[in-house]
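Taking it in order: structure first as structure tokens, then the write-up.
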Amino acid sequence: MAEDTMMSTDQIWRAVATERASLVELLEPLSEADWDHPSLCDGWRVRDVVAHVVLSARASIGWILINVIRARGSLDRAIRDTAIRHADHIPTQQLLGELRDSIDARVTAVGTTPADRLMDLLVHGQDIAVPLGITREMAVAAARAAIHRIWTMGAPFHARKKFTGYRLAATDTDWAAGDGSTITGPVAALLLIVTGRQHAWDQLTGAGATLFSQRDRR
């Protein structure tokens with residue numbers, strides 16, 4: 001990605017606030033049944049995803065350590081269990097209020113960056129919207145910043161390793177990465193596939209998209 005297209009830290013935080021505010025607007029008219037609807041995250045309801053987003057805006061090192069210990073040393077289990085536990089113990093409107101109160105929060109858990117918060121919101125926003133049949137647009141600049149972060153990090157997505165032998169190229173911005181058979185499409189769709197959201201493949205083209213599908217898109 002060209003350096004002059006990178007978002008500043010302040011721009012990323014403002015994009016985070018925008019995503020949180022728009023997610024509140026999406027959630028406000030939903031019924032209780034919608035809040036209990038399965039999300040795209042395996043085993044998570046919509047309310048569990050919202051709880052995760054809320055908790056990620058307030059995580060401290062002490063809170064993380066306590067919950068990792070509680071989850072017998074597994075960070076992934078701790079993230080899942082704390083979200084579900086939080087969602088189960090507070091009413092829907094209180095959970096929505098907590099999300100609203102977090103809009104301007106600028107908190108990053110140890111080992112993460114503001115771009116991680118942005119990526120989390122962009123992707124989880126789709127995890128909520130898609131199963132409910134709601135179209136949720138993703139800002140191009142925000143998606144570009146998020147996929148750049150994912151491509152340059154390792155766990156949990158290991159994008160560069162997973163897409164070894166492929167070149168991912170956005171058609172709506174100047175972002176591209178990797179070498180090999182090309183997978184092209186909107187940067188939002190590329191962001192979703194590198195985070196394992198299979199439904200976004202329908203928006204992608206190129207020889208690499210066909211080849212990747214032939215290896216079962218693992």
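The values are calculated or read from the model by the stated rules, or taken from the named source; none is laboratory data. What you see is a predicted model, and the numbers here were worked out from it, not measured in a lab. Ideal geometry is used to build each Cβ from the backbone, glycine not excepted, and the neighbour counts take in all protein chains shown. Heads up: the accessible areas ignore ligands, DNA and RNA and are worked out on the full protein's heavy atoms, side chains in. Shrake-Rupley method; radii C 1.70, N 1.55, O 1.52, S 1.80 Å.
The table below lists the values:
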{"quantity": "Residue match in the range 191-198 (condition: touching a strand residue (DSSP E or B) at 6+ places or on another chain (Cβ under 8 Å) and surrounded by 21 or more Cβ atoms within 10 Å (Cβ to Cβ))", "calculated": "yes"}
{"quantity": "Test: residue in the range 123-146 that is open to solvent by 50 Å² or more (accessible area, probe 1.4 Å), assigned to a loop (DSSP other than H, G, I, E, B) and within 18 Å of residue 56 (Cβ to Cβ)", "calculated": "no"}
{"quantity": "Answer residue from the range 201-213, given it is in a helix (DSSP H, G or I), closer than 18 Å to residue 164 by Cβ and open to solvent by 30 Å² or more (accessible area, probe 1.4 Å) and is modelled with the lowest pLDDT among those", "calculated": "213"}
{"quantity": "Hits in the range 14-52 - residues which are of a type in the set (A, V, I, L, M), farther than 14 Å from residue 122 by Cβ and open to solvent by less than 20 Å² (accessible area, probe 1.4 Å)", "calculated": "24, 27, 46, 50, 51"}
{"quantity": "Residues located in the range 147-174, provided they are within 14 Å of residue 116 (Cβ to Cβ) and not in a loop (DSSP other than H, G, I, E, B)", "calculated": "147, 148, 149, 150, 151, 152, 159"}
{"quantity": "Scan of the range 177-200 for residues that are at pLDDT below 95 and over 14 Å from the mean Cα position of the chain (by Cα), ordered by number", "calculated": "199"}
{"quantity": "Residues located in the range 175-188, provided they are open to solvent by less than 20 Å² (accessible area, probe 1.4 Å) and in a strand (DSSP E or B)", "calculated": "177, 183, 185"}
